[in-house]
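Asker: I am attaching a structure below and will ask some questions about it afterwards.
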Amino acid sequence: DCLALLRDWFLHEKEIYLEDFPREMADIENDVDMYMPNVKAWGFELVDTDSLEPGDVLLWRAKSTVVNHAGIYLGDGLMIHHLRGGLSARQPVSVWLPHMTLAASARYAK
């Protein structure tokens, strides 16, 4: 899922361990906010999507009333994310930017 991709990417690319949290498909389908409490607990700070830097986490609502999907900005206008039912994919940020709720960054984490 997108959280596993996020955790794996940060561990392998930045050597940052992001604690996992329990989640069920029912949580995703029932609008349980999985990301916002955990993003802050990881030490990320919210940033503007107009000032993205590689490694920033992109967060949005995928057919939900709460943030339930995440991707990682790779730079050069590309992001990686994993949608349910598919494979992880690199895509232009511009495709998803209109749907993004906010972005968070580990660059300010202490």
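Asker: For the full complex of protein chains and a 1.4 angstrom probe, list K40, K63 by accessible area with the highest value first. The partial results should precede the final answer.
Answerer: Working: K40 135, K63 205 Å².
In descending accessible area the options line up as K63, K40.
Asker: OK, next. Given H placed on each backbone N at 1.01 Å, which residues far from L102 in sequence or on other chains put an amide H within less than 5 Å of it?
Answerer: Placed amide hydrogens put L59 under 5 Å from L102.
Asker: How much of Y17 can a 1.4 Å solvent probe reach, expressed as accessible area in Å² and rounded to 10?
Answerer: 150
Asker: Tell me the GluC sites (Glu not before Pro) within segment 1-81 that lie in a loop according to DSSP and have at most 10 other beta-carbon atoms within 10 Å.
Answerer: Numbers: sites: E13, E15, E19, E24, E29, E45; in loops: E15, E19, E24.
Filter output for segment 1-81: E15, E19, E24.
Asker: Using a 10 angstrom cutoff on alpha carbons, build the Gaussian network for the chain and name the most mobile of L59, L87, L78.
Answerer: Ranking L59, L87, L78 by mean-square fluctuation puts L87 first.
Asker: For segment 68-110, how big is Rg over Rh, using alpha carbon atoms and the Kirkwood form of Rh? The partial results should precede the final answer.
Answerer: Details: Rg = 11.2 Å, Rh = 11.4 Å.
Across segment 68-110, the Cα-based Rg/Rh ratio is 0.98.
Asker: Zone of M36 (label point 7 Å along Cα→Cβ, backbone N under 18 Å): which residues in segment 48-67?
Answerer: So the set is 48-49, 57-67.
Asker: How large is the helix-only mean residue ellipticity at 222 nm for the chain, computed as the sum of -39500 (n - 2.57) over DSSP H runs with n ≥ 4, divided by its residue count, in deg cm²/dmol to the nearest 500?
Answerer: -6500 deg cm²/dmol
Asker: Note down the net charge around G77, summing +1 for each Lys or Arg and -1 for each Asp or Glu among other residues with Cβ under 15 Å from its Cβ.
Answerer: Net charge around G77: -3.
Asker: Okay, next question. Quick one: net charge around L46, please, counting Lys, Arg +1 and Asp, Glu -1 for every other residue with C-beta under 11 Å from its C-beta.
Answerer: -2
Asker: Moving on to the next point. Which one, H99, H82, H12, has the greatest fluctuation when you compute a Gaussian network model over the chain with C-alpha springs under 10 angstrom?
Answerer: H12
Asker: Could you give each residue of segment 54-68 its phi-based ³J(HN,Hα) in whole Hz, using Karplus coefficients 6.51, -1.76, 1.60 with θ = phi - 60°, and x for Gly or Pro?
Answerer: Values, residue by residue: x, x, 5, 8, 9, 10, 7, 9, 9, 6, 8, 8, 10, 5, 9 Hz.
Asker: Shifting gears a bit: So if each residue of separation counts as 0.36 nm, and I subtract the Cα-Cα distance between D8 and L78, what length gain in nm does that give?
Answerer: My answer for the length gained is 23.4 nm.
Asker: Also, I was wondering about something else. In Å², what does the accessible area per residue of segment 56-110 work out to with a 1.4 Å probe?
Answerer: 54
The values are calculated or read from the model by the stated rules, or taken from the named source; none is laboratory data. It should be emphasised that the depicted structure is a prediction, and the values quoted were computed from it without experimental measurement. Cβ atoms come from the backbone with ideal geometry, glycine included; neighbour counts cover every protein chain shown. The area values use the complete protein model at the heavy-atom level, side chains included, leaving out ligands, DNA and RNA. Shrake-Rupley method; radii C 1.70, N 1.55, O 1.52, S 1.80 Å.
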